[in-house]
Amino acid sequence: MSVVIGRKIFADFCGGHLKKLPTRSKIVRFGSVANNKSVNLEENAKSGIPASEHGRISAAVLKKFSERFVLENVDPPKVLQANEVLVDVQYCALNASDALLTKNMYTFEPTLPMVLGYEFVGKLIQVGEEAKGQGYKVGDKVIALNKDRYGGLAEQCIADVNDIWKVPSEVKSIDAVGLLDDYITALIALERKVSIQEEDMILINVGLSGIGLAAVDLATNVFKAQVISVSATEDGAALAREKGVLASFKYKDKTLLKQIEEIAANNDITEIFDDADGEYFKKVLSCFTNIYKNETTIKDMLRDDNFAVVLHHLSREGRVIIAGSAVTVENSDSDTQKNGFSVSGFNLRQYRKKKPESYRQAGDDILQFIDEGLIKPTCSLTVGLPKINDALDFILSRKSAGKVIINIKDR
């Protein structure tokens, strides 16, 4: 039986490097207006949210690297171009790349102060002329991927019309907000080389990546493949099991190969690690599982451009595909290069610029999948805006591969 992942697959097998809450307080309805205002001010002080100011919006602002978000009132966006829309933000995902940006450990250095957050859901409150021409109107519920602009950790945010999608009426906003970034990345990366066949077997290294869980969901529930998943934690392994995988393991260096070999043997692949082909496959696998080694940094674990897919042909047993979070290769003298191959990561930000039509189509496909009930993103934590720094700590402590969602309206 073949071991395959994705209708098509993303890999550069012979060259190149891996590039890099508290709930809303109730106002006691007695006494004077002044008393009610006093209660509001006291509750705001406790939550860290400043008192409301007419004509201004609440936002979580990053002012200094490696420090906490500051909750403050800022001026709302005012200038709207023809290709832009203004979104009243309800939920915003706090992604791993946002967490890395707070530490100045991402692939670029942002200019501070800055409002982070690029994946968010809300309703349109202003629509530019070009956006109107594409059928958008005030009141539409949309999801945005503001991968160049950011700004989603605020009550209002401007987005380009080419970076928004209408949310199907039956899909809840809380489900939609954690959807597109991970699932588009996984879908495009998996579609680049190989066609998935029903009942194919797939090995996916989930790591701590939401992209890995998205790949598990797509492979299992859209393409109906048999998935073996490997995760950094038992929690991650349990989340993969919920997707319906064939087998799911927490990574253990001394037992992983035996576990994979047993699953393969049960599916008529009896010599997966034998002879030179098997040894070569072990080396390829190490490109992914080395991410669990002690020397791996938080930057390696949380980066969003290290999802890769590698295809390997076994001489007698068909082909084997490994996908998921991989280690980064920074210099040509690495062990990976000496072994005669390297792994290329997939960067959605770059792909969006190079192939905007394919990027848009992938988003349409993902929204269709969730509308049909085929997939469901995994959320590990949802908090209100006052708890955003707790959410940041949750990500940086590497507790889960699921999405972390900020409810902007929960103050």
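The table that follows gives values for the structure above.
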quantity	calculated
Estimated distance in nm for a label pair at K63 and E199, the labels positioned 7 Å out from Cα along Cα-to-Cβ	6.3 nm
Extension gain, Q259 back to D274 (0.36 nm per residue minus Cα-Cα distance, nm)	3.9 nm
Net charge, L256 excluded, C-beta distance under 12 Å - Lys, Arg +1, Asp, Glu -1	+2
Cβ-defined net charge surrounding R68, 11 Å radius [Lys, Arg +1; Asp, Glu -1]	-1
Of K141/K243; K141/K376; K141/K224; K137/K354; K282/K354, pairs whose Cα-Cα distance is over 25 Å	K141/K243; K141/K224; K137/K354; K282/K354
Two-site label geometry, L246 and K293: point separation in nm, points 7 Å out along Cα→Cβ	2.8 nm
The range 344-385, accessible area per residue, ligands and nucleic acids excluded (1.4 Å, Å²)	49 Å²
Cα gyration tensor shape of the range 154-310, rounded if a/c is under 1.5, else prolate or oblate by comparing a/b with b/c	prolate
FRET efficiency estimate (nearest 0.05) - Cβ-Cβ, V138 to R56, R0 25 angstrom	0.70
Cα centroid separation - the range 136-178 against the range 361-411, whole Å	14 Å
Heavy-atom accessible surface of the range 51-91: percent carbon and sulfur, 1.4 Å	46 percent
The range 108-123-the range 195-219 distance, computed between alpha-carbon centres (Å)	28 Å
Mean Cβ count within 10 Å, highest first, over the residues of peptides 350-356, 361-367	361-367, 350-356
Whole-percent carbon and sulfur share, accessible surface of the range 145-233, 1.4 Å	38 percent
Per residue, in Å², the accessible surface of the range 191-266 once ligands and nucleic acids are set aside, probe 1.4 Å	40 Å²
Added length on full extension, which subtracts the Cα-Cα distance from 0.36 nm per residue, K283 to E130	50.0 nm
Carbon + sulfur, % of accessible area of the range 366-411 - ligands and nucleic acids excluded, 1.4 Å	46 percent
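The values are calculated or read from the model by the stated rules, or taken from the named source; none is laboratory data. Bear in mind the structure is a predicted one, so any value in this text is a computation, not a measurement. In this analysis, Cβ positions are derived from the backbone assuming ideal geometry, glycine residues included, and neighbour counts consider all displayed protein chains. Ligands, DNA and RNA are stripped out before the accessible areas are found, and what is left, the full protein with its side chains, is counted by its heavy atoms. Shrake-Rupley method; radii C 1.70, N 1.55, O 1.52, S 1.80 Å.
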